[in-house]
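The values are calculated or read from the model by the stated rules, or taken from the named source; none is laboratory data. Because the structure is predicted, anything quoted here is derived from the model rather than measured. Note that we place each Cβ from the backbone using ideal geometry, even for glycine, and neighbour counts take in every protein chain shown.
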Amino acid sequence: MTSSLDVRPTEAEPGTARRPAPFGPGLAIAGLVLGAGGNTAQAALGQLADRPDTVGEQIAYANEHPVMSIAICVVGTVAVPFMAIGFLAASRFLRGAMRRTGTVAAVFLVLGMFGFMAVQVAELIQLDAMLDPAGEAAATYLDLTDSSVLLGVLFGAPFMLGCVLGMLTLTIGLLVKGAGVPRWIPASWLVFILLDFSIGSVGPVDPHWLYLLGAVGFAVHLGRDGGRAWRNA
């Protein structure tokens, strides 16, 4: 006599199964480390360069130090796509514990990176004008566009609001729920975003180093045991 009881493993019920990761742990680690590393390098180079405030002085500085000026702009621009990947990776951990909150954080942060990329590209264009012997008028005009309401709505607002609200949602959510992530990581990111968008550097120490510290810690965490934490997020 055979039993009619089916003891084979069953598939998870709809809504309980984990969604597959949008990318592998290797790309997530690269996004975290290269994004934060590039962004921190840009901040450190900018602090080292001590660029002047007025457009005329900036044009003179760019022509006297073209390599440094180009490095600051290029490193920052290249870092932005990796930053977006790193933030999406971090948001995935929060989504595992707080689905809607994690999604909101991801949307805000991607929006913020869109605005940030626009800002970086605008700085590249302005730098190109500064390095042109006949480009002083163009560089001055580009500087005046910073006060444009339309450009502020299209790029400035997404950058400011997206980054701040996205980081606050992500870090506070991870601090509350944990989501398997050591809480010192979101804590360091929370202090970073509060300092970066308020008082900035504390003496000679730039807050971006806290962003890099948390990103490296996050990368180490999700890379352990062949990416086990990433697969289980």
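For residues that are among the β-branched types (V, I, T) and touching a helix residue (DSSP H, G or I) at 6+ places or on another chain (Cβ under 9 Å), scanning just segment 114-163, find the one that is modelled with the lowest pLDDT. Don't jump to the end; show me each part of the working.
Initial filter on segment 114-163 (among the β-branched types (V, I, T)): 119, 121, 125, 140, 145, 149, 153.
Next, from what is left, pick out any that are touching a helix residue (DSSP H, G or I) at 6+ places or on another chain (Cβ under 9 Å): 119, 121, 125, 140, 145.
Numbers: V119: 88, V121: 90, I125: 85, T140: 65, T145: 59.
Residue satisfying both the conditions and the ranking: T145.
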The correct count of residues that are outside any loop (DSSP other than H, G, I, E, B) and at pLDDT below 90 in segment 1-48 is 4
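In segment 61-83, is there at least one residue being more than 23 Å from A122 (Cβ to Cβ), at pLDDT 85 or above and of a type in the set (D, E, K, R)?
Within segment 61-83, not a single residue is more than 23 Å from A122 (Cβ to Cβ), at pLDDT 85 or above and of a type in the set (D, E, K, R).
Report, by residue number, each residue of segment 182-233 that is acidic (D, E) and more than 23 Å from L161 (Cα to Cα). Don't jump to the end; show me each part of the working.
Keep residues of segment 182-233 that are acidic (D, E), which gives 196, 206, 225.
Residue satisfying the conditions is D225 alone.
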Before we move on, is A187 over 16 Å from F87 (Cβ atoms) and touching a residue at least 12 places away in the same chain (Cβ under 8 Å)?
yes
Limited to segment 173-201, what total is found for residues that are surrounded by 15 or more Cβ atoms within 10 Å (Cβ to Cβ) and over 13 Å from F93 (Cα atoms)?
10
Is it the case that R51 is assigned to a loop (DSSP other than H, G, I, E, B) and basic (K, R)?
yes
Would a scan of segment 215-227 turn up a residue that is surrounded by 17 or more Cβ atoms within 10 Å (Cβ to Cβ), farther than 14 Å from L32 by Cβ and among the acidic types (D, E)?
no
Confirm whether G96 is in contact with a helix residue (DSSP H, G or I) (Cβ under 8 Å, 6 or more places away or on another chain), modelled with pLDDT under 90 and closer than 22 Å to T171 by Cβ.
yes
